[in-house]
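Trainee: Questions regarding the structure given below will be posed in turn.
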Ligand SMILES: [Zn+2]
């Protein structure tokens with residue numbers, strides 16, 4: 001009898017040990033999974049070394065055509081917190097969320113609390129698309145980025161209240177950097193407009209920048225309407241944009257990062273402009289990732305090329 005009792009106790013102990021260890025396999029730290037680079041950056045700035053933050057996309061991977069592997073879905077369902085950017089950016093998330101039970105991660109839609117802009121692409125399109133009517137690239141307005149930081153901060157504090165003051169302090173520091181970035185962009189654009197006749201940026205790549213232009217007083221001309229897969233611009237569009245560049249003395253045409261920029265190159269060849277990169281920060285290259293680039297550092301690189309595009313007619 002004693003033996004049996006002993007055996008039962010052993011089994012019970014083993015079962016409870018397994019149950020406790022099951023949540024964060026191999027690590028005591030809180031596990032945070034993010035779908036895109038901006039919220040990956042915001043989460044890691046907040047948690048420092050107190051949690052492990054993983055970016056679901058591998059560096060350099062295209063985000064709009066991304067489809068999670070079984071291993072990725074396991075990473076999400078076994079994490080403590082999963083942060084994504086709403087169904088207009090990541091349609092696959094709804095299926096994954098539906099499969100998560102009450103023991104699964106806290107799920108945060110980073111577009112919560114943000115006023116979304118309609119996506120141009122879907123105006124007048126067929127009814128099949130009418131679910132996806134919002135532009136998901138909210139972070140390209142730094143004020144939205146600051147709101148995303150707040151949303152993510154509150155979720156992390158709820159999960160780990162013991163370190164709340166540490167998280168709040170880190171978040172405040174990074175929010176100040178983001179707000180400084182915002183005022184630097186505003187001031188630079190205003191100064192550039194005074195010293196130059198150019199007040200329009202020209203895009204020859206996928207267009208993800210509506211929130212940026214909604215925030216700052218600047219015009220744009222774009223060969224593509226949106227960021228996701230769509231028909232290539234016509235030759236007429238390419239010629240019209242090239243002519244616009246010539247007529248207005250515009251020094252460069254922008255393309256997005258991680259892309260060959262075929263259309264931007266054609267426009268550059270015809271018009272004599274140079275091709276520059278305006279990073280959308282959906283994801284970063286392996287080199288940028290290893291170099292420790294952040295949302296703020298990427299946006300300052302963007303600001304530098306924007307300034308030169310407005311004032312420097314010889315941009316190379
Ligand atoms: Zn995009």
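The values are calculated or read from the model by the stated rules, or taken from the named source; none is laboratory data. Here the structure is a predicted model, which means the values were calculated and not measured. No Cβ is skipped: glycine too gets one built from the backbone with ideal geometry, and neighbour counts run over all protein chains shown.
Trainee: Could you tell me whether any residue of region 68-86 is outside any helix (DSSP H, G or I), over 16 Å from the mean Cα position of the chain (by Cα) and either within 14 Å of the ligand (Cβ to nearest atom) or closer than 15 Å to residue 283 by Cβ (or both)?
Mentor: yes
Trainee: Restricting to region 213-227, what's the tally of residues that are within 17 Å of the chain's Cα centre (by Cα) and within 21 Å of residue 245 (Cβ to Cβ)?
Mentor: Looking only at that region, the number is 1.
Trainee: Let me spell it out: the conditions are (1) touching a strand residue (DSSP E or B) at 6+ places or on another chain (Cβ under 8 Å); (2) within 16 Å of the ligand (Cβ to nearest atom), and residue 252 meets all of them except one. Which number is the exception?
Mentor: (2)
Trainee: Now a separate question. Among the residues of region 205-218, how many are away from the ligand (no atom under 16 Å from the Cβ) and either surrounded by 13 or more Cβ atoms within 10 Å (Cβ to Cβ) or modelled with pLDDT of 95 or more (or both)?
Mentor: 3
Trainee: Do the conditions hold for residue 25, that is, is it surrounded by fewer than 14 Cβ atoms within 10 Å (Cβ to Cβ), modelled with pLDDT under 95, away from the ligand (no atom under 16 Å from the Cβ) and in a loop (DSSP other than H, G, I, E, B)?
Mentor: When the stated conditions are applied, residue 25 passes them.
Trainee: Out of all the residues in region 135-155, is one or more part of a helix (DSSP H, G or I), at pLDDT below 90 and away from the ligand (no atom under 15 Å from the Cβ)?
Mentor: No, region 135-155 contains no residue that is part of a helix (DSSP H, G or I), at pLDDT below 90 and away from the ligand (no atom under 15 Å from the Cβ).
Trainee: Look through region 221-231, keep the residues that are more than 15 Å from the ligand (Cβ to nearest atom) and surrounded by 15 or more Cβ atoms within 10 Å (Cβ to Cβ), and return whichever of them is farthest from residue 197 (Cα to Cα).
Mentor: 223
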